[in-house]
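The values are calculated or read from the model by the stated rules, or taken from the named source; none is laboratory data. Values in this document were obtained by computation on a predicted structure and should not be read as measured data. Note: ideal-geometry Cβ built from the backbone for every residue, glycine included; neighbour counts use all protein chains shown.
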Amino acid sequence: MAAIARRDFNEGMDMSYFVTGASGFIGRFLVANLLKRKGTIHVLVRKDSQKKFDAIAKNMGWDLKRITVVHGDMSAARCGLTAAQVRALKGKVKHFFHLAAIYDLSASAEAQRVANVEGTQNALDLAAAIEAGCFHHASSIAVAGLYPGIFREDMFEEAEGLDDPYLRTKHDSEALVRGEKRVKWRIYRPGMVVGHSQTGEMDKIDGPYYFFTLIKKLREMLPPWMPTLGIEGGRINIVPVDFVADAMDHIAHKPKLDGHTFHLTDPEPLRVGEVLNTFCRAGHAPEMTMRIDARMFAFVPPSIRGAVGNLPPVRRFIGMLLRDFRIPKSVLKFITYPTRFDSRETERALKGSGIAVPRLEDYAWRLWDYWERHLDPDLFIDRTLKGKVRGKVVVITGGSSGIGLSTAQRVAEAGAITVIVARGKEELFKARDEMKAKGGKVFAYTADLADMADCDRLVATVLKEHGHVDVLVNNAGRSIRRSIEASYERFHDFERTMQLNYFGSIRLIMGFMPTMTQRRKGHVINISSIGVLANSPRFSAYVASKAALDAFSRCAQGELSGKGISFTTINMPLVKTPMIAPTKMYDSVPTLTPEEAADLLVKAIIERPSRIATRLGIFAALINAVAPKAYEVVMNTAFELFPDSAAAKGDKKALRGEAEPSGEQIAFASLMRGVHW
C-alpha cells in the first residue's frame, strides 16, 4: 500500500497497539479513537484485503504516518507472523485488541469455528509471544446463548441454548480468553451493533436491518396511518457502533480492570415490537399498533407446533415470505429473545466519561436513511431491461404493429433475440428489417394464431431454430365491441375471439412450456384487458376470452411457480391501435399510446409481477366486489350512454357519417380513463 507508511520491524520504535479486525466495522472506529492517543498502531491485514484496507483508511481519514500494516492471516499459527516479526514486536505492544471474527448468523458452522475459535487461539498465542501488556477481546452478548433471565458480567458457564453455531463459537472463543494464563485480559460483550448514531453508517445488513425490507414493503402498500398487526417479542439489546468503540477505548485505558468482563449494552432495551415500530416511524411506514406476545402460544404443545411448522405448505409459505423479505430463518429464534444483561461493571468504568448508550428513537432515522441510500438490497438489483433480456429469446405475438411492435423495438434495442409473429407478411418483415438495420437480432415468422395447426408449426420452428423461449408475450388479439342484443345472430363473434385470444395463446404456452419447465425458468406475459376488471358493457365476447386467459394464468402459476416459471397478466387499458379504429368515438377519448403500453410490458419483464393493472381497474374490481348492485347501475348507465357503433350494427352507410361523440360521452370516458365503452 503506497499511501500507508511501512516501517521496518527492526527500527526499534515504541509500539503501543496491535489490532486485529481493524478493517471491520467496530475496528475502524476503534482505530480512529486510538489515533487520538499517543503511540503507533499495528494493524493485521491479509494481503488479499489490502485494497479494502486502503479504501477504509482513506475514507476514515486516518493519520497514515501512525499506522503500520502487518500482513498476516488469523487462521494461521500466531496469525501468520514470521519469527522475525514476532521478535521485533516483543515487549513493545501495550494493548492487543482482538476484534477479527465473523459476526454473521448465516455463515457456515465451519467458517465460524475457524474464524471465531481458532482465530482467537492464534491471536492469544501471538499476544503471548510478543509479551503484550493486555489482551482486549471483543466478545458478544451471544456468549449467554438464550439464557432465560438476567445475565451478569461475571456469569459465563450459566449460558444456555448454545446449539446455534454463532452462539457456540462466540462462547467457546471467550472461554479460551478466560482460561488464558500467559497474558492479562479484558473482555467486552457488545449488544447487537448497529450503525453510527451520528452518521447512520453501517457496513452490512444485520440484526434489525433484516426487517427493513419488510418495513419498506409495508410503506409501499399501506398509508402511514393504517394500523397493522405485529409481534411483541422479547427485549433486544441494540447499541450503536460509536458507543461500542468509545466504551472499549475508554475502559481499555483505565487501570486495575484486568480480568473483568464488560457488557456494552443498553440498560433499558426495547422489545422487538417497539424496535420495529421505531424504525417504522423512521421510515414513514404504518406502525404495528396491535402486537401479539409470542408467549401466548406457549400453551400449544411443542410437538404440535413442530408438526404444523413442518407441513410442506407451511414450510414453503414461510420460506417464500423469508425470501421475499430477505430475512434469514436463523433470525426468527431471536424474536422471543429471553435474556437481559446487567452492566454495572461497565457503568462504573464509564462513570464521568460522558459515554452512554443513546436512545434508539433519537438516531433510528439516521440508520434508516443510511440503509435506504446505501444498503437496501433493491439498490443492487439490475432493473434495466438490458440486464433482463440481453441474449434471451423473447417471442412477441402481434409484433408487426401497435403494442407488440413497440415492445419488440424496446427488447431488440436491449439486446434480446427478438422473435416477432404476425399474420401479415409484408408488414411483419418490414418491421423486422427496420429493427435489424438498427443492430437488433430480430427474427420474424408468419402465423395465424387462430389456427391451432399453425400455432404448432410456429412452436416447432422457433424451438428448432432457437432451442427454447425465455419470455413469451401473448399480445395478438381480437376485440369486438357489440352489445348482446346485436349479437343474437353472431355466435361466431364469441367463437373467433375465444379462438384467438384464448385458445391461440394457450396453444403457444403449452407448446413452449415443456422446455421452460425442463430448464426451470421462463416467463409468460399475457396481455389482458382492463375490461376484465371493469366488466365493460358491449365487450362480452372480448372480455370473456381475456378472462379465460386470466383464469388459466392464475391456475398455472399455482402449479408451475415451483419450477421457476412466472406468469404476468397485464390488464391493459384502452390503447390507440388499429384494433380500436372501427369505433370512431375512441378518437375523442383518452387512450394510451403503443409506446406507453410498451412501458407496462417492460415493467412486467423486469419485475415479473403476477399482475399489472391501473388504479382505476383495481378500484373498479373492488367496488364491484363490495357493492355489486351499485356498480351494476354505473355500468348500465355507461351502456345506455354509449350506443353500438355503426360498425357493430353493420351499417356501412352510417359508418361514413357517424356522429361525433357528445360532451357527456367524452366527460364520462375521461372520468373512467382507459376503460372500453
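Values as computed for the structure displayed
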quantity: Scan of segment 340-359 for residues that are in contact with a strand residue (DSSP E or B) (Cβ under 6 Å, 6 or more places away or on another chain) and closer than 19 Å to M192 by Cβ, ordered by number; calculated: R340, F341, D342, S343, T346, V357
quantity: Qualifying residue in segment 124-141 (condition: among the β-branched types (V, I, T), touching a residue at least 24 places away in the same chain (Cβ under 8 Å) and over 18 Å from M74 (Cβ atoms)); calculated: yes
quantity: Helices (runs of 4 or more DSSP H) within segment 82-139 that include 2 or more residues in contact with a Lys or Arg (Cβ under 7 Å, 6 or more places away or on another chain) and surrounded by 16 or more Cβ atoms within 10 Å (Cβ to Cβ); calculated: 119-129
quantity: In segment 206-237, the residues that are crowded, with 18+ Cβ neighbours inside 10 Å and part of a loop (DSSP other than H, G, I, E, B); calculated: D206, E232, G233, G234, N237
quantity: Boolean, V469 is modelled with pLDDT of 80 or more, crowded, with 20+ Cβ neighbours inside 10 Å, among the β-branched types (V, I, T) and assigned by TED's automatic domain parsing to the domain that holds A604; calculated: yes
quantity: Residue ID - nearest to Q518 (Cα to Cα), chosen from residues in segment 430-480 that are among the β-branched types (V, I, T) and within 36 Å of the chain's Cα centre (by Cα); calculated: V469
quantity: Verdict on M192 being aliphatic (A, V, I, L, M), under 17 Å from V244 (Cα atoms) and within 29 Å of the chain's Cα centre (by Cα); calculated: yes
quantity: Flag if V43 is assigned to a strand (DSSP E or B), among the aliphatic types (A, V, I, L, M) and closer than 23 Å to K204 by Cα; calculated: yes
quantity: Segment 374-421 - residue that is farther than 23 Å from C455 by Cα, out of contact with any Leu (no Cβ under 8 Å at 6 or more places or on another chain) and basic (K, R) and, of those, surrounded by the most Cβ atoms within 10 Å (Cβ to Cβ); calculated: K388
quantity: Members of segment 146-169 found to be free of Cβ contacts under 8 Å to residues at least 40 places away in the same chain and on the phi > 0 side of the Ramachandran plot, listed by number; calculated: G161
quantity: Per-region count, segment 181-239, residues aromatic (F, W, Y) and within 27 Å of I251 (Cα to Cα); calculated: 2
quantity: Subset of segment 15-40 (residues that are touching a residue at least 60 places away in the same chain (Cβ under 8 Å) and part of a helix (DSSP H, G or I)); calculated: F25, I26, G27, F29, L30, A32, N33, L34
quantity: Options E632, E595; residue that is surrounded by fewer than 16 Cβ atoms within 10 Å (Cβ to Cβ), in the same structural domain as I525 (by TED's automatic domain parsing) and at pLDDT 70 or above; calculated: E595
quantity: Residue that is farthest from G233 (Cα to Cα), among those in segment 326-377 that are assigned to a helix (DSSP H, G or I) and among the aromatic types (F, W, Y); calculated: Y370
quantity: Pair list, Cβ under 7 Å, 6 or more apart: segment 344-364 residue farther than 21 Å from I150 by Cα and touching a residue at least 24 places away in the same chain (Cβ under 8 Å), other residue hydroxyl-bearing (S, T, Y) and outside any loop (DSSP other than H, G, I, E, B); calculated: L360/T278; E361/T278; A364/T278
quantity: Hits in segment 238-274 - residues which are under 30 Å from K38 (Cβ atoms), touching an Asp or Glu at 6+ places or on another chain (Cβ under 7 Å) and crowded, with 19+ Cβ neighbours inside 10 Å; calculated: V239, T261, F262, H263
